[in-house]
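**Q** Before I ask anything, let me first share the structure, which is written out below as structure tokens.
The values are calculated or read from the model by the stated rules, or taken from the named source; none is laboratory data. Everything numeric here is computed off the predicted structure, so don't read it as measured data. Cβ atoms come from the backbone with ideal geometry, glycine included; neighbour counts cover every protein chain shown.
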Amino acid sequence: MHTQDLFLRSSAASPADSHATAARLSVELVTTLPGLDALRPDYEFLHRTTGNTLPFCLHEWHVCWCETFLENGDGIVDEPRIHVLRTPGGQCVGIVPMILTRRRFGPFTVRSIDALGADPALTEIRSPLIAPGHERTVAFALQREMAAARDWDWVVWRGLGSELSAALKAGAALRTRAAPPGYVLDLPASWEQLRAGLKRNIRESLRHCYNSLKRDGHAFELRVAASAAEVPAALDRFLDLHRRRAAMASSVTHPDRFAGTVLRSFLFRVCTRLAQRGAVRVFELVIDGEVVAARVGFVVGEGLYLYYSGFEPRWARYSVMTTALAEIIKYAIAHELRTVNLSPGTDVGKTRWGPREVHYEEAVQVARPLRSQVARAAYGQVRTGNPAALWLAKLHGRAQRSWG
């Protein structure tokens, strides 16, 4: 029997069996960028084994994020903490990418561990890569590793599925909360099949979108930039439309997620690398020769992940983003993809398509020493703006991360 067969069967194991198996797992801690670079084969193996469809779990995303956002200043110092879990035979069964951050508050230093990708909103889902059925053993091995370490005050776990969350809670006291759910549209064999299963309101909306353009004599097409040569110019057009949408007076706020130079630099850097593996799609709705709407997407495995979008407000009355999404879904079906991930966050623009919800949890684990308990409580007061912690907030200003 192959090693992979052995660890894929572990989901049926009892807690005692899981602890015994976890005790045999080794946990390698990678703390440098060269070390992260060297993990590409393990990332690729788990990418295939897990059926991953998230761009945020790819090796390129993690490397680009660290290259762009890791800090090393007077007030804040970051260090990668990539946990790589292996069987005695060397088989990689889990990669849990995290960042250790040391913040200096005057004479005090607090040490927190968070999921890699804890940025303002660029890394939308921060999940580990764990071989199917091995969530318990990985969780127990991680808790063993955390208990042995002495260099953290609290850990923020993110992107947890129900089984991984339960296993982590079994090994330590965690405060959990639900994260925004994801919405995934499972694709049938044809657009006609999908359309027939939609609710009446979205069918009527689609009819209006297409008919209004036809009635006013506007011809449209969906243009797709995918090659490394095409993507940079398409990203420039996307960013312009994204800014225009953010500046549009509307009852719904759409922030400009790429307002900072460093944020835009990250987008170009990660898309350039992902385009080299054929994973990037910049979808553009072109009407009468003008690009009026754009959305960035990532083809990962058998899924299409839809990232941020933008449109020209002059064309808002034609609901161009709805037309663009319909055309993108047609593209995904034509290219025999199995899913379209509409991204996390609940809004009618996603739910009316009838997607399934994907639930995630977040959890905070605080170390046992009183110092850590106090540090976490004080940090929480600063983050929530409690006036009683104003004196600490002044120190916190020197330990705040700048996203640029």
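**Q** Which number in (1) within 26 Å of SER309 (Cα to Cα); (2) in the same structural domain as ALA367 (by TED's automatic domain parsing); (3) more than 21 Å from the chain's Cα centre (by Cα) marks the one condition that ARG223 misses?
**A** If we test ARG223 against (1) within 26 Å of SER309 (Cα to Cα); (2) in the same structural domain as ALA367 (by TED's automatic domain parsing); (3) more than 21 Å from the chain's Cα centre (by Cα), just (2) comes out false.
**Q** Related question: Which residues, counting only those in region 36-64, are of a type in the set (Asp, Glu) and in contact with a Lys or Arg (Cβ under 7 Å, 6 or more places away or on another chain)?
**A** Hit for region 36-64 is GLU60, nothing else.
**Q** Which residues, counting only those in region 73-99, are part of a strand (DSSP E or B), surrounded by fewer than 19 Cβ atoms within 10 Å (Cβ to Cβ) and in contact (Cβ under 8 Å) with a residue 60 or more places away in the chain?
**A** Once the filter is applied, which keeps residues that are part of a strand (DSSP E or B), surrounded by fewer than 19 Cβ atoms within 10 Å (Cβ to Cβ) and in contact (Cβ under 8 Å) with a residue 60 or more places away in the chain, region 73-99 yields ILE76, ARG86.
**Q** At pLDDT 95 or above, β-branched (Val, Ile, Thr), farther than 30 Å from HIS218 by Cβ and in the same structural domain as SER205 (by TED's automatic domain parsing): which single residue out of THR323, THR339, THR346 fits that description?
**A** The match here is THR339.
**Q** When the residues of region 7-57 are filtered to those that are aliphatic (A, V, I, L, M) and touching a Phe, Trp or Tyr at 6+ places or on another chain (Cβ under 7 Å), which remaining residue is modelled with the highest pLDDT?
**A** Selected residue: LEU54.
**Q** Among the residues of region 101-113, is any in contact (Cβ under 8 Å) with a residue 12 or more places away in the chain and within 19 Å of CYS57 (Cβ to Cβ)?
**A** yes
**Q** Here's something else I'd like to know. Does any residue of region 322-343 turn out to be more than 22 Å from ALA179 (Cβ to Cβ), aromatic (Phe, Trp, Tyr) and surrounded by 15 or more Cβ atoms within 10 Å (Cβ to Cβ)?
**A** yes
**Q** Does SER309 meet the test of being within 21 Å of THR68 (Cβ to Cβ), touching a helix residue (DSSP H, G or I) at 6+ places or on another chain (Cβ under 9 Å) and at pLDDT 95 or above?
**A** no
**Q** Taking into account only those residues within region 106-138 that are of a type in the set (A, V, I, L, M) and modelled with pLDDT under 95, which is farthest from VAL296 (Cα to Cα)?
**A** Here the answer is VAL110.
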